[in-house]
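Written below as structure tokens is the structure these notes are about.
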Amino acid sequence: MDIDKDTIRPPQAVRRKRPSAVKCIIVLCALVGALIFGSIVFVIGKGAYMLVDGAKNPHSSLYLNSTSNETAIHPFIGKDETFDVYLAIWARVPDNEAGIPSDEDVENAKEKFGGGWDTITKMVRNPEMEILFNPIERVVFAEKIFEGVGRKDRNLHKDLTFQLPLERL
């Protein structure tokens with residue numbers, strides 16, 4: 001069998017079609033949309049990170065990132081320092097024991113808070129009512145709760161014996 005070389009032709013190259021304008025616009029819109037979507041995800045992620053970081057360390061803005069010890073701000077209580085915890089409970093003394101405010105006190109209150117204090121002035125004149133212009137307070141309970149507590153101590157519990165007086169102080 002004879003092959004005639006003149007009759008065999010190499011396959012012709014397929015001509016590529018030029019992309020249409022519609023396809024270019026679709027690809028361009030997809031790229032712009034992906035860029036907008038990526039920027040929205042970045043902004044939301046950055047906001048969530050700042051929110052979580054702010055909840056974990058609310059006072060980070062008060063610290064100075066510095067290597068020199070003389071300008072840096074440090075926590076008031078160090079990691080190894082200890083302190084004591086005290087508890088005090090105060091109660092207000094009623095007006096009828098503390099004394100009814102004078103006319104001068106009422107006038108000073110009117111000037112300080114503005115006019116329209118006629119009803120309060122009537123209530124103050126009645127010793128049954130308790131309007132405290134200058135409240136007097138008395139300590140009901142004071143005790144050292146914890147001794148030698150550090151920053152690493154957490155979930156400390158203590159039972160206290162305190163009886164709240166049922167009669168007015």
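The values are calculated or read from the model by the stated rules, or taken from the named source; none is laboratory data. Not measured: the values here are computed from a predicted model. Just the protein is used for accessible areas: all its heavy atoms, side chains included, with ligands, DNA and RNA removed. Shrake-Rupley method; radii C 1.70, N 1.55, O 1.52, S 1.80 Å.
Only one residue in 45, 54, 33 is closer than 25 Å to residue 151 by Cα, at pLDDT 80 or above and not in a loop (DSSP other than H, G, I, E, B). Which one?
Residue meeting the stated conditions: 54.
Quick check on my filter: what residues within region 5-30 are open to solvent by 90 Å² or more (accessible area, probe 1.4 Å) and in a helix (DSSP H, G or I)?
22, 23, 25, 26, 28
In region 136-166, which residues are part of a strand (DSSP E or B) and either charged (D, E, K, R) or at positive phi (or both)?
137, 138, 143, 144, 147, 148
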